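Peer 1: Okay, here's the structure, questions in a sec.
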Amino acid sequence: MSNSLLPLVRRSFLRTSVRRSIPTSLSCRTLMTLPAFSLEGKICVVTGAARGLGKEFLTAFAKSGARGACIDLSLEEGKASVKHITEHISSQSSTENCKPELRAYACDVTSEDQVKDTWGTIVKDFGKVDVVVTAAGIVENFEAENYAYDRWKKMIDINLNGSFLFAKEAGKYWIEQEIRGNLILVSSMSAKICVRPQKQAAYNASKGAVSLLGRSLATEWGPKGIRVNNLCPGYMKTDLIIDLLAKEGKHIEEGWVKDVPMGRLAHPSEMQGTIVWMASDASSYLNGSDIVVDGGYCCW
Ligand SMILES: NC(=O)c1ccc[n+]([C@@H]2O[C@H](COP(=O)([O-])OP(=O)(O)OC[C@H]3O[C@@H](n4cnc5c(N)ncnc54)[C@H](O)[C@@H]3O)[C@@H](O)[C@H]2O)c1
């Protein structure tokens, strides 16, 4: 190459590398990151994915190349979520083949029969399952001395038993098929500490149990190459939190923010990087961990 051409080549290389490091649209194959973060070829199942964190997780998976299943109580809302994610990704993509393959399934995670049927249908539809995230969950606040027992049982049923039922189907399937599956249970920073001022003994107990369930499964299934971890978010401004603030009053948010060293609640999309890392080979030695993403709340 002649010397006079060198500066030109360098300038053009620099322009290209700067352009690459600040992607303005999704072009599927040209984003530069560690290949281990890719979810191409993986089938990811997310419960509670009609809205909130579950929807964010499914979006992140689809953006990282996965196909997947959206599970929620209402088929209509699940389909609306899938449509929204698909349109969002297609609109950001510069190539036709970036349209993700996502399907919606109606399932109450507290029903063993529905969970078994749904699992069987997903395996039939996609041929296999690699990653499961249990994001279906509820929150409510009552002082313990007045907590109605049927509400307590409902909380445990959805947050803990619903996670266990999907974990059980996934574990049984991965062991039988000799697949090195990846299970992520959505727990909470409330598995670690009691947040204030809301009184939520049932929620805290359910999440503490979810985290220990995840660690137990990690010890049982780790020898078979199956990884199990817990994601423990802090305050994320999802519909769940927006509904809770509507009930409890806006002033609660001001109190929460004072307890977060970063001085703000998170946008749900800020969980996308963490969940892709946890679901991908980039976290290949992560097993039995509580991954706390809380802006520093638990540090006090
Ligand atoms: N938002 C937060 O700040 C926060 C913080 C820590 C942990 N979490 C946890 O993250 C998970 C998701 O929370 P979110 O904020 O996205 O809530 P969300 O209410 O926005 O979404 C929860 C989804 O779960 C579904 N669901 C509820 N019961 C179900 C059932 N029986 N069967 C199937 N689906 C059911 C709902 O229909 C809804 O679509 C929950 O487990 C929650 O405890 C949330």
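No value in this document is a laboratory result; all are computed from the given coordinates. Being a predicted model, the structure only gives us computed values, none of them experimental. Glycine also receives a Cβ, built like all others from the backbone with ideal geometry; neighbour counts cover every protein chain displayed.
Peer 1: Between the stretch 209-272 and the stretch 85-136, how many Å separate their Cα centres?
Peer 2: 22 Å
Peer 1: Here is a further query. Quick one: Debye curve from the C-alpha atoms of the stretch 193-300, no solvent, what's log10 I(q)/I(0) at q = 0.24 Å⁻¹?
Peer 2: Values returned for q = 0.24 Å⁻¹ are -1.39.
Peer 1: Amide H of Ser64 versus every other amide H placed in the peptide plane: which residues, excluding those fewer than 5 positions away on the same chain, fall under 5 Å?
Peer 2: Hits under the 5 Å cutoff: none.
Peer 1: May I pose another question? Karplus couplings for the stretch 286-300 from phi (6.51 cos²θ - 1.76 cosθ + 1.60, θ = phi - 60°), rounded to Hz, Gly and Pro as x?
Peer 2: Each residue's phi maps through the Karplus curve to give 7, 8, x, 9, 9, 9, 8, 10, 9, x, x, 3, 6, 6, 5 Hz.
Peer 1: Below 8 Å between Cα atoms, with a sequence gap of 6+, how large is the relative contact order for the chain in percent?
Peer 2: Answer for the chain is 18 percent.
Peer 1: Simple spin-label model, 7 Å along Cα-to-Cβ: Lys83 to Arg180 in nm?
Peer 2: 4.0 nm
Peer 1: Give the relative contact order (percent, whole number) for the stretch 130-258; include only Cα pairs under 8 Å separated by 6+ residues.
Peer 2: 30 percent
Peer 1: Another question about this same structure. Given the options Ser81, Ser111, Ser190, state which has the largest fluctuation in a GNM of the chain using a 10 Å cut-off (strictly under) for Cα springs.
Peer 2: So, out of Ser81, Ser111, Ser190, the one fluctuating most is Ser111.
Peer 1: Ranking request for peptides 160-169, 98-107: highest mean number of other beta-carbon atoms within 10 Å first, then the rest in descending order.
Peer 2: 160-169, 98-107
Peer 1: Further question: List the residues, sorted by chain then number, that are 5 or more residues from Val292 or on another chain and whose placed amide H is less than 5 Å from its amide H.
Peer 2: Cys232
Peer 1: Also: Give a residue-ordered list of calculated ³J(HN,Hα) values for the stretch 168-176 (Karplus: 6.51 cos²θ - 1.76 cosθ + 1.60, θ = phi - 60°; whole Hz; x for Gly, Pro).
Peer 2: After applying 6.51 cos²θ - 1.76 cosθ + 1.60, I find 5, 4, 5, x, 4, 5, 5, 5, 4 Hz.
Peer 1: Quick check on packing: order 82-90, 261-269 by the mean number of other C-beta atoms within 10 Å, highest mean leading.
Peer 2: Peptide ranking by packing, descending: 82-90, 261-269.
Peer 1: Using a simple spin-label model with points 7 Å from Cα along the Cα→Cβ vector, what separation in nm is obtained for Lys154 and Val257?
Peer 2: In this crude label model, Lys154 to Val257 measures out at 3.2 nm.
Peer 1: I'd like to know which of Asn229, Ile138, Met32 lies farthest towards the positive end of the charge dipole of the chain, counting +1 on Cβ of Lys and Arg and -1 on Cβ of Asp and Glu.
Peer 2: In the chain, that residue is Met32.
Peer 1: Note down the nm distance, to one decimal, between modelled labels 7 Å out along Cα→Cβ at Ser74 and at Glu40.
Peer 2: 3.7 nm
Peer 1: Return the long-range amide H neighbours of Leu265 (sequence gap of 5 or more, or a different chain), with a cut-off of under 5 Å between placed amide H atoms.
Peer 2: none
Peer 1: Let me ask another. Please give the contour-minus-distance gain from Ser111 to Lys250: 0.36 nm per residue of separation, less the Cα-Cα distance, rounded to one decimal in nm.
Peer 2: Between Ser111 and Lys250, full extension yields 46.5 nm more.
Peer 1: Express the Stokes-Einstein translational diffusion coefficient of the chain in µm² s⁻¹, to the nearest whole number, given a Kirkwood radius over alpha-carbon pairs, 37 °C and a viscosity of 0.692 mPa s.
Peer 2: 161 µm²/s
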